[in-house]
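Each value in this text was obtained by applying a stated rule to the coordinates, not by laboratory testing. Computed from a predicted structure; not experimentally measured. In this analysis, Cβ positions are derived from the backbone assuming ideal geometry, glycine residues included, and neighbour counts consider all displayed protein chains.
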Amino acid sequence: MIISINDAIEGMVLAENIYSSDGISLLRKGAILKNSYIENLKENDVKNICIDNESFNKISVEGLVKSATSKEAIIIAKKIINRLPFSQEKNIKEIIFIKEKIIDELLSEKEILKNILNMKTIDNHIFNHCVNVSVISIIIGKSLGYNKEELIKLGKGAMLHDIGKIFIPLEILNKPGKLTKEEYEIVKKHTTFGYEILNKISGVDEELANISLSHHERYDGLGYPNSLKAGDIHEFSSIVAVSDVYDALTSDRIYRKKVKNEEAVEYLFNMKWKQFDGNIIDKFIESVASYSIGRKVILNTGERGIVAEGNKGVPTRPIVKINYDQYNNEIKKPYYIDLLENKSILIENTFN
Ligand SMILES: [Fe+2]
């Protein structure tokens, strides 16, 4: 079970290795927590940990990215945060190399989706965002029938889509309040900055650099930097636009709290053919966001069950077979709740 470090208590058993943001191993899987360990983890800015809890259905912590690769990627992400000179080709090439390893692991993994949420526990915001956007983009690309070469290009571009932000002052990027018009204009420049950086590096494909340039363009022409419309936006950029917004909405930010998965999906669903290409939204919902049959869910009523049947066109509101009541008692005769007919009932969470 993934819990906040603030909820950790002495005696809990770790179900996953913990690394610091610079990739140093802090504690091993199987370690029994002591108060001094918990304090040490907090000092190292670890936000969440995965504990072994028999009374819960254990969440699979074997993520899609092997921990050794995650560790290397965290070191790279740290470099991004520390703003090492990215004019040096070596640093960008290092990111691209690690990305290739991650993509290889992603492509060989069958059960990708269930692990996306687990990945959010890796304690590094930028790394999380880059990897999540990349993972989601690859899944959408796969469902669009892309070949491996295309998926690798899309995945790399998605990983580097926000690289231009290294030139945006941190005071603006981390500002807790609303940006002024001038500040927003500066933030918008991360698209052209990213394109320029990537374009300078030999061996970086134009299509890849273009993702950085165009991931804030919108289907209705109201995006930036070039107000491109519909078919003028490269499909790679349209995919990354959807993944970027989905991941941004479902992650905490300095200026706002994350929204629930189904709220983010409903938002994207409502923006079909407005902000986003409807075909890509459909593929996204079908492949990433829908609750597949058999998925274990907890409802906001406290009842637990499994998804028995999907409601076509409304992916966040399937029919759920309830087998545990709100007091966690197993129900002898399970019953069904159709979330499309019971609008006040929502899926609160999923578990494996
Ligand atoms: Fe961006």
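Points worth noting:
- In segment 140-248, trypsin sites (Lys or Arg not before Pro) in a DSSP loop with at most 16 other beta-carbon atoms within 10 Å: Lys178, Lys189, Lys229
- Among the listed pairs Lys181/Lys260; Lys34/Lys258; Lys188/Lys257; Lys153/Lys175; Lys283/Lys343; Lys272/Lys343, those whose Cα-Cα separation exceeds 26 Å are Lys181/Lys260; Lys34/Lys258; Lys153/Lys175.
- Total formal charge among the other residues, if their Cβ is under 10 angstrom from that of Ser143, Lys/Arg +1 and Asp/Glu -1: 0
- By the count of neighbouring beta-carbon atoms within 10 Å, fewest first, Val131, Val307, Val259 end up ordered Val259, Val307, Val131.
- Neighbour net charge for Gln326 - beta-carbon separation under 15 angstrom, K R +1, D E -1: -3
- Among Phe167, Phe269, sorting on how many other beta-carbon atoms sit within 10 Å of each Cβ, with the fewest leading, yields Phe167, Phe269.
- Length gained on full extension, Lys148 to Ile293: 49.4 nm, using 0.36 nm per residue less the C-alpha separation.
- Sorting Asp252, Asp162 from the fewest to the most surrounding beta carbons within 10 angstrom yields Asp252, Asp162.
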